[in-house]
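Structure first, commentary second.
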Amino acid sequence: MAESAAMQRFERRDAANPWFAKFRYSTIEGLGYEKGIVRRDPSCIIDVDGLYFVWYTRGAHPCLPVGHERATETLPAMPWDLTDVWYATSDDGHTWVEQGPAVERGPAGSYDERSIFTPDVLAHEGRYYLVYQVTQAPTYRSTPESIALAWADSPHGPWTKTPAPVVEPDPSGEVDVRAHPLQHRVQGTFDSLRVHDPALLFREGRYWLYFKGEGIGHSNMESKWGVAIADEPLGPYVKSPLNPITNSGHEVMVWNFDGGVGALLTRCGPEKNTIQYAADGINFELKATIIDPPQAAGALRGTDSRDSEPLAGLSWGLCHVATYSAHYVLQGRDPLGLLAIDEAWDFIIRWERHDAAPGWV
Ligand code: AAL
């Protein structure tokens, strides 16, 4: 019997796919909406002796972001400009207590003088590692961004920064720093302008630093991911010759599973809103197409999810609501009360994966 083109490529129902996920959202205490304060890009969450820890971008700004043309030493260009990395703790994952700064901007002239943002955390062999983005002043539309790292013996710090960034943009391409990346003189590779959204995994005895690239001569909305690998946690990190290792995805969310790496790709590219898996950490395969994933998600890290189900690394966590977030118009309803917000200060909410009622998938 003849089959339509669609049915010829149909593999399995979502309900029968262990990689398929649905998500639901709730507001949280302590890191929620607050005029004048930006909180965004939460890290993964770690459980240290029964207490949850999260790190995130935090800025106390005199006004909403003014754009790169009007930014000054005190006026932020973007929500993640003029920020530091703060941390919070929680007993239950719903009520969070903001503890204060973890890693702050460095003095004038240092590699992280302008902003520190978008952290992720790795707890490994009794030590804690934070990876995050850094910028120098002044900030223009095509100012480069790098990834730096700090380590501590306690999740409360104190944190020791590496003397230099650990991942830098690829040195290809040419653009005036004040111009838009698409007004390039010479097009560069996918990560020639900025490296973003670091996430650090330990696997096969090495440190795998996944990141998102923004390229000279490329749209910010065609983002792709790369990976840089090191034998020691503080580096040196060497970029994979197979980068970019995804063709889609925005903020990086990866987890260990069964010796390989699971990934949640959102917002950008032909494979946006998918869950993927790479048995070797590099060659990703599409496993499920999903709807309404968390934006800039951080998930509860398991101690060892190798023998559990594929999405054990994606059980619950935090994510942010930014001006572009789909959560603002969640299927025409507004369960989080977000439409009452009149100024776009980014804030953090909770997501959790949930099994839909039979018949929904
Ligand atoms: C986010 C991330 C990175 C970018 C900015 C802050 O969504 O992709 O962190 O630099 O936006």
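For residues that are at pLDDT 95 or above and surrounded by fewer than 16 Cβ atoms within 10 Å (Cβ to Cβ), tally how many sit in the range 205-224. Result for the range 205-224: 2.
Within the range 71-86, residues that are under 15 Å from residue 108 (Cβ atoms) and part of a loop (DSSP other than H, G, I, E, B) reach partners that are away from the ligand (no atom under 15 Å from the Cβ) and among the polar types (S, T, N, Q) with beta carbons closer than 8 Å, at six or more positions or on different chains, in the pairs 82/74. The set of residues in the range 54-66 being surrounded by fewer than 12 Cβ atoms within 10 Å (Cβ to Cβ) and within 16 Å of the ligand (Cβ to nearest atom) is empty. Looking only at residues of the range 90-100 that are in contact (Cβ under 8 Å) with a residue 40 or more places away in the chain and in a strand (DSSP E or B), we find that the one that is farthest from residue 319 (Cα to Cα) is 99.
Conditions (1) farther than 30 Å from residue 29 by Cα; (2) not polar (S, T, N, Q), marked per residue:
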| site | (1), (2) |
| --- | --- |
| 110 | yes, no |
| 131 | no, yes |
| 155 | no, yes |
| 164 | yes, yes |
| 168 | yes, yes |
| 199 | no, yes |
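Checked against the criterion of being in a loop (DSSP other than H, G, I, E, B), among the β-branched types (Val, Ile, Thr) and at pLDDT 95 or above, the candidates 291, 275, 282 yield just one match: 282. Quick one: would you say residue 76 is surrounded by 22 or more Cβ atoms within 10 Å (Cβ to Cβ), within 16 Å of the ligand (Cβ to nearest atom) and more than 19 Å from residue 55 (Cα to Cα)? Judged against the criteria, residue 76 is a match.
Of the set (1) over 19 Å from residue 67 (Cβ atoms); (2) surrounded by 16 or more Cβ atoms within 10 Å (Cβ to Cβ); (3) touching a Phe, Trp or Tyr at 6+ places or on another chain (Cβ under 7 Å); (4) hydroxyl-bearing (Ser, Thr, Tyr), all apply to residue 160 but (2).
Once the range 29-48 is narrowed to residues that are modelled with pLDDT under 95 and surrounded by fewer than 19 Cβ atoms within 10 Å (Cβ to Cβ), the residue that is farthest from residue 200 (Cα to Cα) is 35.
Taking the conditions exactly as written (at pLDDT 95 or above and within 16 Å of the ligand (Cβ to nearest atom)), does residue 245 satisfy them or not? Spelling it out, it is not the case that residue 245 is at pLDDT 95 or above and within 16 Å of the ligand (Cβ to nearest atom).
Conditions (1) within 16 Å of the ligand (Cβ to nearest atom); (2) surrounded by 15 or more Cβ atoms within 10 Å (Cβ to Cβ), marked per residue:
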| residue | (1), (2) |
| --- | --- |
| 52 | no, yes |
| 71 | yes, yes |
| 81 | yes, yes |
| 86 | yes, yes |
| 105 | yes, yes |
| 124 | no, no |
| 129 | no, yes |
| 135 | yes, yes |
| 148 | yes, yes |
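Under the condition of being within 16 Å of the ligand (Cβ to nearest atom) and over 14 Å from residue 150 (Cβ atoms), the residues counted in the range 107-121 number 2.
Sub-8 Å Cβ pairs linking a first residue in the range 29-43 that is closer than 14 Å to residue 82 by Cα and among the small types (Gly, Ala, Ser) to a second residue that is part of a strand (DSSP E or B) and within 16 Å of the ligand (Cβ to nearest atom), at least 6 apart or interchain, number zero.
Whenever a residue of the range 192-220 is on the phi > 0 side of the Ramachandran plot and in a loop (DSSP other than H, G, I, E, B), its partners that are more than 12 Å from the ligand (Cβ to nearest atom) and modelled with pLDDT of 95 or more, lying with C-beta atoms within less than 7 angstrom and at least six residues away or across chains, give the pairs 217/173; 217/181; 217/182; 217/184; 217/187; 217/188.
Can you work out which of the residues in the range 148-188 that are in contact with a strand residue (DSSP E or B) (Cβ under 9 Å, 6 or more places away or on another chain) and among the basic types (Lys, Arg) is farthest from residue 88 (Cα to Cα)? Step by step, filter the range 148-188, then rank; the result is 185. Summed over the range 40-50, the residues that are within 16 Å of the ligand (Cβ to nearest atom) and assigned to a loop (DSSP other than H, G, I, E, B) give a count of 4.
Among the residues of the range 6-26, the ones that are closer than 19 Å to residue 320 by Cβ and small (Gly, Ala, Ser) come to 2 in all. Just one of the listed residues (238, 227) is surrounded by fewer than 19 Cβ atoms within 10 Å (Cβ to Cβ), under 20 Å from residue 169 (Cβ atoms) and of a type in the set (Val, Ile, Thr), and it is 238.
Residues checked against (1) closer than 26 Å to residue 312 by Cβ; (2) within 16 Å of the ligand (Cβ to nearest atom); (3) of a type in the set (D, E, K, R):
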position: 183; (1), (2), (3): no, no, no
position: 192; (1), (2), (3): no, yes, no
position: 195; (1), (2), (3): no, yes, no
position: 200; (1), (2), (3): yes, yes, no
position: 211; (1), (2), (3): yes, yes, no
position: 233; (1), (2), (3): yes, no, no
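The values are calculated or read from the model by the stated rules, or taken from the named source; none is laboratory data. All values reported here derive from a predicted model rather than from experimental measurement. Here the Cβ is made from the backbone with ideal geometry for all residues, glycine too, and neighbour counts use every protein chain on show.
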